[in-house]
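Report on the structure given below.
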Protein chains: 2
Amino acid sequence: MSKLVVQKYGGTSVGSVERIQEVAKRVIRYRERGDSVVVVLSAMSGETNKLVSLINEINPNGSAREKDVILSTGEQITIGLLSLALEAKGCAARSYTGTQARVMTDNAFSKARISEIDGSKIKEDIAAGKVVVVAGFQGVDCDGNITTLGRGGSDTTAVALAVALEADECQIYTDVDGVYTTDPRMVPEARHIPKLALEEMLEMASQGSKVLQIRAVEFAHKYNMPIRVLSSFDEGDEGKSTLVTREEDIMEEVLVRGIAFNKDEAQLTITGVPDQPGVAYKIVGPISDANIEVDMIVQSIGSDGATDFTFTVHRNDYEQAKNILSETAKKVGAENCSGNDKIAKVSIVGGGMRSHAGVASDMFAALAKENINIHMISTSEIKVSVVVDEKYLELAVRSLHEAFGLDQA
Amino acid sequence: MSKLVVQKYGGTSVGSVERIQEVAKRVIRYRERGDSVVVVLSAMSGETNKLVSLINEINPNGSAREKDVILSTGEQITIGLLSLALEAKGCAARSYTGTQARVMTDNAFSKARISEIDGSKIKEDIAAGKVVVVAGFQGVDCDGNITTLGRGGSDTTAVALAVALEADECQIYTDVDGVYTTDPRMVPEARHIPKLALEEMLEMASQGSKVLQIRAVEFAHKYNMPIRVLSSFDEGDEGKSTLVTREEDIMEEVLVRGIAFNKDEAQLTITGVPDQPGVAYKIVGPISDANIEVDMIVQSIGSDGATDFTFTVHRNDYEQAKNILSETAKKVGAENCSGNDKIAKVSIVGGGMRSHAGVASDMFAALAKENINIHMISTSEIKVSVVVDEKYLELAVRSLHEAFGLDQA
């Protein structure tokens, strides 16, 4: 049965004329088996950085609107080049910029969000037998301004386009052949995961497995669009891949699907805070107001009407957040505030946790056995995260990988 | 009195970050004296060639539509960069791609023609005190496809935009400070022309004075838009310039304004052609059908019911045109056909010729004095062109420049 497939290729997959030719060959192989193909492209690797340094030379603090006008040219070049490559091989193709593809966004330049895609014109081209090649990462607001979705936004374009066109599958080609139980560079025993639930992928992605952009996964989750992660460096099409799909479509539900980790965080603690209604807002509010994203938040019950607060921020925001917290400490009459930017977060993720108790305590036991001290704990339905000293990160990931049997087929 | 000025900067004028900063400074100087400024930009010099070689590596014979998608990115980068440079100096600016500026064209990709510009949005920005920065060389067809106007098309964008916005003047910044009586590299005595008529500029441009794109001059001529040619390398704004304007606005009408020349042509002759109605079409038709442009055409009256034809084509088309002509010679029963690609065309141009007889014979006399043989002659209202051996080109230009007193103030 013929399918409609949306294929997204990242910067390294279109990084040279040769790589673009390879993409064209793959697209044609899909066409030859009867599928319709819509391609979403990033800029050639290095191109965006080149444009960014031009911008920074002239005016790093200029308006985001003008920066988006410049940055969006990278994908405009690759869509034209791939279309020409397809034509050279006898395959009719037509490129679409974000504006032409009617990828409508809000006007939050540099980090715009897609509100709607009018796929009617693209559908006509598909019906006429053409391969449609769309610029990822970019859209247009209702005033015709060019917007960009921020780094990694091409994944989101691909998923949103797949939803708008009612595609059968959204394929994301990267330089890895899918998702692993953990990072194989850290744990050589890490196994490839052929299939996992969108909810699990969401937790894996947000916890630091950098295979897919988290907004893309959220989008796919919301609209039930299956995503397949593949490597554009595989010669054939029968190589390994990871299908990210609805939980109902996953036959084998496992307790722990994988181990995610994140070294980019820092921890801040404020102790002896008078325990009054609204105190959490008084502490976190000023941090958010400074546009600093807060990840984990833990409040522990204190004694004598006082409470302790611990939260994590991106390590780049550590100094600024610490200064803000010191000010807050004075205002709310807290005892002390401290911080630690030598920490790492380790998470176990798995849809099976919902129906099985004791997974968290198994995790704590495995870490205790290695004498790894836990600073913070945070849990969700299908995930348990802990913060440990950065120096224990590898040991923690390896022992958890083994403890949950992820190294065994 | 405050004016609306459209300023166009070519590739060398925006060829580096430093040059872009210089353009920003100049725009701001105009603003400070109360003028409103709309800027039209080319791509950074070298950028278009880089894109062309990428295209040629992948598919030189691909569709012009996709090539235009790629080539139009060059200007999109410069408009963003100049807007950022203006912002950095505290000047509100807003960039427009061809699509955003509503530069409507036909769909003749790579050589599209502007049909209309809807300047309403740009006018709003001007009224709001913003500098508007428009991408030259590009437009959009009625289906939203990106088109380019062909090389040099940025001049046409600037003039068409000036007309649409009812600007007071269209300034074309290049690497020369205007038009000269002839090329100063060939004749050191060549004098700068402060003012000349659009009709004269049209003849000068089409005859090889490569300062302005001929379509731009035609456009300006049609809509009576004054063009000022200036150098973007002049420090101040009070440097030399050439104003190209309506003939009525030129006070001093001279016999000969300047000497133009062209080394890119080749000459083809077919002799002993039976003189019948339609024979000219039989000879020139097949050449035009091969997309070869014919410049001068001379038919001389022959004897015995036969006639001779001589015409010129671009030197690059010489071999192909010669082959076509040989075929035609057989078909029409002509005696012989021959050619010469070592020729050059020299023209005298001047609005005063209309009311003065004898200019042509003065020209022939000057050439005869130097023993320069004339192969072809062609005349228009304000121009006389001759074809001579290429080796006599410099001598011809210098002696005509002197004979008509162009070296004297």
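Just so you know, all these numbers are worked out from the coordinates, no wet-lab data involved. Quantities reported herein were computed from a predicted structural model and do not represent experimental measurements. Glycine gets a Cβ as well: all are built from the backbone with ideal geometry, and neighbour counts include every protein chain shown.
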Over segment A:4-175, what lengths in whole Å, largest first, do the semi-axes of the equivalent ellipsoid take, defined as the square roots of 5 times the eigenvalues of the alpha-carbon gyration tensor?
26, 18, 12
List the residues whose amide H sits under 5 Å from the amide H of B:Y96, counting only those 5 or more places along or on another chain, with H placed 1.01 Å from N in the peptide plane.
B:V133, B:V134, B:A135
State, as an integer percentage, the relative contact order of segment A:207-331 based on alpha-carbon contacts under 8 Å between residues 6 or more apart.
23 percent
Can you put A:R33, A:R215 in order of Cβ neighbours within 10 angstrom, beginning with the fewest?
A:R33, A:R215
Write down the percent of antiparallel bridges among all DSSP beta bridges whose residues are both part of chain B, to the nearest 5.
65 percent
Peptides A:360-370, B:137-147, A:381-391: what's the order by average Cβ count within 10 Å, highest mean first?
B:137-147, A:381-391, A:360-370
Cα-Cα over 19 Å, subset of A:K25/A:K121; B:K111/B:K345; B:K222/B:K345; B:K3/B:K130
A:K25/A:K121; B:K111/B:K345; B:K222/B:K345
Taking only Cα atoms of segment B:150-304, radius of gyration then Dmax in Å
19.3, 67
Given a cut-off of under 8 Å on Cα pairs at least six residues apart, what relative contact order in percent is computed for segment B:272-409?
22 percent
Inter-chain Cβ neighbour average for residues B:87-99, partner chain, 10 Å:
3
Determine the relative contact order of segment B:4-174: mean sequence separation of Cα pairs under 8 Å and six or more apart, normalised by residue count, in whole percent.
30 percent
For B:D249, which inter-copy label distances result when the label point lies 7 Å beyond Cα on the Cα-to-Cβ vector, reported in nm to one decimal and in ascending order?
6.7
What residue of chain B sits with its beta carbon nearest the rotation axis taking B to A, and at what distance in whole Å?
B:T73, 2
By the mean-Cβ-within-10 Å protection proxy, highest first, A:218-227, B:275-284, A:168-177, B:154-163 rank as B:154-163, A:168-177, A:218-227, B:275-284
Quick query: amide H of B:G339 versus all other amide H atoms, modeled in the peptide plane; which residues come in under 5 Å with a sequence gap of 5 or more or a different chain?
B:T269
Let me know the charge dipole size of the protein assembly as shown about its Cα centre in debye, to the nearest 20, where only the beta-carbon of Lys, Arg (+1) and Asp, Glu (-1) is charged.
40 debye
Largest first and in whole Å, give the semi-axes of the protein assembly as shown's equivalent ellipsoid, each being the square root of 5 times a Cα gyration tensor eigenvalue.
68, 33, 19
The answer for the net charge of residues other than A:V349 whose Cβ lies under 10 angstrom from its Cβ, with Lys and Arg +1 and Asp and Glu -1, is -1
Show me the trypsin sites (Lys or Arg not before Pro) within segment A:140-207 that DSSP assigns to loop and that have at most 16 other Cβ atoms within 10 Å of their Cβ.
A:R151, A:R185, A:R191
Name the residues whose placed amide hydrogens come within less than 5 Å of the amide hydrogen of A:D106, ignoring near sequence neighbours (fewer than 5 apart) on the same chain.
A:R113, A:S115
Go through segment A:8-16 residue by residue and turn each phi into a ³J(HN,Hα) via Karplus (6.51, -1.76, 1.60, θ = phi - 60°); whole Hz please, and just put x for glycine and proline.
10, 10, x, x, 6, 6, 10, x, 8
Stretch gain in nm, segment B:E402-B:S355, where the contour uses 0.36 nm per residue and the Cα spacing is subtracted
14.8 nm
Taking the DSSP beta bridges in the protein assembly as shown as the whole, what percent of them are antiparallel, to the nearest 5?
65 percent
Principal semi-axes in Å for segment B:115-193 [√(5λ), Cα gyration tensor, largest first]:
32, 17, 9
Neighbouring partner chain Cβ atoms per residue of B:63-76, average, 10 Å criterion:
6
Wrap a convex hull around the Cα atoms of chain B, take a quarter of its surface area, and give that in square nanometres.
22.4 nm²
Expected integer from the mean partner chain Cβ neighbour count at 10 Å over A:13-25 is 1
Can you pull the three principal axis extents for the Cα set of segment B:92-241, in Å, largest first?
51, 35, 24
Run the dipole for segment A:4-175 about the Cα centre, Lys and Arg Cβ at +1, Asp and Glu Cβ at -1, nothing else charged, and hand back the magnitude in debye, nearest 20.
320 debye
Kindly give the distances from B:K331 to its copy-mates, label point to label point, with each label point 7 Å from Cα along Cα→Cβ, as nm values to one decimal ordered shortest first.
8.8
Please report, for A:S378, the nm distances (one decimal) from its label point, 7 Å out from Cα along the beta-carbon direction, to the equivalent points in the remaining copies, shortest first.
7.7
Which GluC sites (Glu not before Pro) in segment A:279-330 sit in a loop by DSSP (not H, G, I, E or B) and have at most 14 other Cβ atoms within 10 Å of their own Cβ?
A:E293
